[in-house]
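**Q** Dropping the structure in here first, questions after.
The values are calculated or read from the model by the stated rules, or taken from the named source; none is laboratory data. These numbers were taken from a predicted model, which means no experiment stands behind them. Because the Cβ atoms are built from the backbone with ideal geometry, glycine has one as well, and the counts that use them run over all protein chains shown.
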Amino acid sequence: MATYKLLLIAGDGIGPEVMGEVKKLIAWINKNGKTRFETEEALAGGACYDAHRVSITDETVARAKNADAIIFGSVGGPKWDKVPYEVRPEAGLLRLRKDLGLFANIRPALCYPALADSSSLKRDVVDGLDIIILRELTGGVYFGEPKTITDLGNGQKRAVDTQVYETYEIERIGRVAFELARKRRNKVTSMEKRNVMKTGVLWHEVMDELHGREFKDVTLEHQLADAGAMQLVRWPKQFDVIVADNLFGDVLSDIAATLTGSLGMLPSASLGEVDSQTKKRRALYEPVHGSAPDIAGKGIANPIAMLASFAMALRYSFGMDAQADLIDAAIAAALAQGLRTADIKSEGAKVVSTSQMGDAIMEELDRLAA
Ligand code: NAD
């Protein structure tokens, strides 16, 4: 029996509440599958600050590097608004992403049929939508140097950000995009602005070369990022995997998020390089939402983004696609029964708590696996 090590970091606010539902899911898989997950838990964010005066400890980073995957809740909240900048809750997550080299951020935009009417777009545009936005996460204009604001001394200031990419950074995110597409509908759309940006020219060239060299079996399309953003709201179902740099990926993935309804529905995965010795890929799975301090402690948070993040771990870290499909189907079935947490409630639906939604999904899993 394959055994894997998971590090669970629940964090703050609703983090521990939604992580509680993941623990039920892990117990279900350990009971019903051929794989065994061993779990360890660690603190990050405000909870870690309260205990250790830092937002993540060196020991937790070391344990994260050792784990087969990290399942992360969310961090932050008004309680820690005044703590020093370097140890603010979010710094713990940023350090984890950086120290683990998590350069590829995968955000699926999946529209469950039962929720198609919650989207800001028409039902037929989003019903059955299943696309991925792949964002480069550790390079580009968010990190490029120089990054300065200079006082020009004449009442004016000059701000500079630097957009910089090297071949290897584009190649490695491109490779993730093509590999993802091979497991799906085999199409990659690369978005940049080669008409006005040198990084766009290089991005386009490297994607083409990589495609020609290693991934001729996958369809590669290019779109300028502004036109692509327009296409994403006009007819999102034309896409399969969209790959973009850090800045465009940030914007495009937020647009895609709005297609599917609530923040409480959106999972994500952040992947690093495959380690040449262990052959393992470092990976962290987390919901897109934050710690939702406005509803924390009330037991009403939507656990679906967190549960779907765990399904992504099964898919991308453990090759357990069938089990991941089963979880996605169980989520869809619970929604189809008319069960809704408060954030996605609609007329005629039954509003349930975090744990009731989790339990309903577990029951659907039992039914689907029987
Ligand atoms: P948020 O995502 O926490 O909440 C935004 C809104 O969405 C709130 O009204 C909240 O109640 C609702 N919401 C979010 N997740 C939900 C869920 N699962 N079920 C039901 N409703 C949900 O964003 P925010 O309010 O801007 O930030 C709150 C705190 O979270 C801040 O400290 C912020 O820095 C932090 N944050 C952390 C992460 C992370 O840990 N990755 C991401 C974003 C924000």
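**Q** Are there any pairs with C-beta distances below 6 angstrom linking a residue in the range 285-309 that is farther than 12 Å from residue 343 by Cβ to a residue that is in a loop (DSSP other than H, G, I, E, B) and more than 8 Å from the ligand (Cβ to nearest atom), with the two at least 6 apart or on different chains, and if so which?
**A** Final answer for the pair search is 288/266; 299/353.
**Q** Keeping to the range 257-268, report how many residues are touching a Phe, Trp or Tyr at 6+ places or on another chain (Cβ under 9 Å) and away from the ligand (no atom under 13 Å from the Cβ).
**A** 1
**Q** Could you pull out the residue among 1, 19 that is at pLDDT 95 or above and either under 25 Å from residue 320 (Cα atoms) or among the polar types (S, T, N, Q) (or both)?
**A** Matching residue, one of 1, 19: 19.
**Q** Is there any pair with a first residue in the range 61-90 that is basic (Lys, Arg) and a second that is outside any loop (DSSP other than H, G, I, E, B) and within 11 Å of the ligand (Cβ to nearest atom) whose Cβ atoms are under 8 Å apart and which are 6 or more apart or on different chains, and what are they?
**A** So the pair list comes out as 79/46; 88/80.
**Q** Give, as residue ranges, the strands (runs of 3 or more DSSP E) completely inside the range 215-278 that count at least 2 residues that are of a type in the set (S, T, N, Q).
**A** 219-224, 267-274
**Q** Which ranges mark the strands (runs of 3 or more DSSP E) fully within the range 1-112 that have 1 or more residues being in contact with a Pro (Cβ under 9 Å, 6 or more places away or on another chain)?
**A** Here the list reads 2-11, 69-74, 104-110.
**Q** Quick one: residue 32 ticks every box in (1) more than 15 Å from the ligand (Cβ to nearest atom); (2) at pLDDT below 95; (3) closer than 20 Å to residue 289 by Cβ except a single one, so which number is it?
**A** That leaves (3) as the condition not met.
**Q** Whether any residue in the range 49-64 is closer than 25 Å to residue 362 by Cβ, crowded, with 17+ Cβ neighbours inside 10 Å and under 21 Å from the mean Cα position of the chain (by Cα) is what I want to check.
**A** So far as the range 49-64 goes, no, none of its residues is closer than 25 Å to residue 362 by Cβ, crowded, with 17+ Cβ neighbours inside 10 Å and under 21 Å from the mean Cα position of the chain (by Cα).
**Q** Further question: Hey, does the range 119-131 have a residue that's touching a strand residue (DSSP E or B) at 6+ places or on another chain (Cβ under 9 Å), within 17 Å of residue 288 (Cα to Cα) and surrounded by fewer than 19 Cβ atoms within 10 Å (Cβ to Cβ)?
**A** yes
**Q** I've got another one for you. With the condition kept exactly as written, say whether any residue in the range 159-167 is in contact (Cβ under 8 Å) with a residue 12 or more places away in the chain, of a type in the set (Val, Ile, Thr), in contact with a strand residue (DSSP E or B) (Cβ under 9 Å, 6 or more places away or on another chain) and surrounded by 12 or more Cβ atoms within 10 Å (Cβ to Cβ).
**A** Checked against the condition, which is being in contact (Cβ under 8 Å) with a residue 12 or more places away in the chain, of a type in the set (Val, Ile, Thr), in contact with a strand residue (DSSP E or B) (Cβ under 9 Å, 6 or more places away or on another chain) and surrounded by 12 or more Cβ atoms within 10 Å (Cβ to Cβ), the range 159-167 yields no hits at all.
**Q** Which condition breaks for residue 278 when tested against (1) among the polar types (S, T, N, Q); (2) buried (at least 21 other Cβ atoms within 10 Å of the Cβ); (3) farther than 30 Å from residue 344 by Cα?
**A** The failed condition is (2).
**Q** Identify, from the list 263, 247, the residue that is in contact (Cβ under 8 Å) with a residue 60 or more places away in the chain, within 23 Å of residue 169 (Cβ to Cβ) and surrounded by fewer than 24 Cβ atoms within 10 Å (Cβ to Cβ).
**A** Every option except 247 fails the conditions.
**Q** Restricting attention to the range 66-118, which residues are among the hydrophobic types (A, V, I, L, M, F, W, C) and surrounded by fewer than 18 Cβ atoms within 10 Å (Cβ to Cβ)?
**A** Those that are among the hydrophobic types (A, V, I, L, M, F, W, C) and surrounded by fewer than 18 Cβ atoms within 10 Å (Cβ to Cβ): 83, 87, 94.
**Q** Looking only at the range 88-102, filter to residues that are under 24 Å from residue 318 (Cβ atoms) and aliphatic (A, V, I, L, M); which one of those is nearest to the ligand (Cβ to nearest atom)?
**A** Filtering the range 88-102 for residues that are under 24 Å from residue 318 (Cβ atoms) and aliphatic (A, V, I, L, M), the one nearest to the ligand (Cβ to nearest atom) comes out as 93.
**Q** Of everything in the range 1-40, what is surrounded by fewer than 19 Cβ atoms within 10 Å (Cβ to Cβ), among the charged types (D, E, K, R) and either closer than 16 Å to residue 303 by Cβ or in contact with a Gly (Cβ under 6 Å, 6 or more places away or on another chain) (or both)? Give them in sequence order.
**A** 23, 24
**Q** Then there is this: Could you tell me which residue of the range 306-357 is farthest from residue 112 (Cα to Cα), considering only residues that are within 16 Å of the ligand (Cβ to nearest atom) and assigned to a loop (DSSP other than H, G, I, E, B)?
**A** Here the answer is 353.
**Q** Follow-up. Go over the candidates 85, 49 one by one and state the one that is within 14 Å of the ligand (Cβ to nearest atom), in contact with a Lys or Arg (Cβ under 9 Å, 6 or more places away or on another chain) and among the hydroxyl-bearing types (Ser, Thr, Tyr).
**A** 49
**Q** Further, regarding this structure: For the range 65-82, enumerate the residues that are within 15 Å of the ligand (Cβ to nearest atom) and within 19 Å of the chain's Cα centre (by Cα).
**A** 70, 71, 72, 73, 74, 75, 76, listed by residue number.
**Q** What pairs come out if I take residues in the range 10-21 that are within 11 Å of the ligand (Cβ to nearest atom) and pair them with residues that are polar (S, T, N, Q) and in a helix (DSSP H, G or I) whose C-beta lies under 6 Å away, six or more apart or interchain?
**A** Going by the 6 Å Cβ cut-off, the qualifying pairs are 17/354.
**Q** Hey, among 290, 299, which residue is surrounded by fewer than 18 Cβ atoms within 10 Å (Cβ to Cβ), within 16 Å of the ligand (Cβ to nearest atom) and assigned to a loop (DSSP other than H, G, I, E, B)?
**A** After ruling out the rest, the residue left standing is 299.
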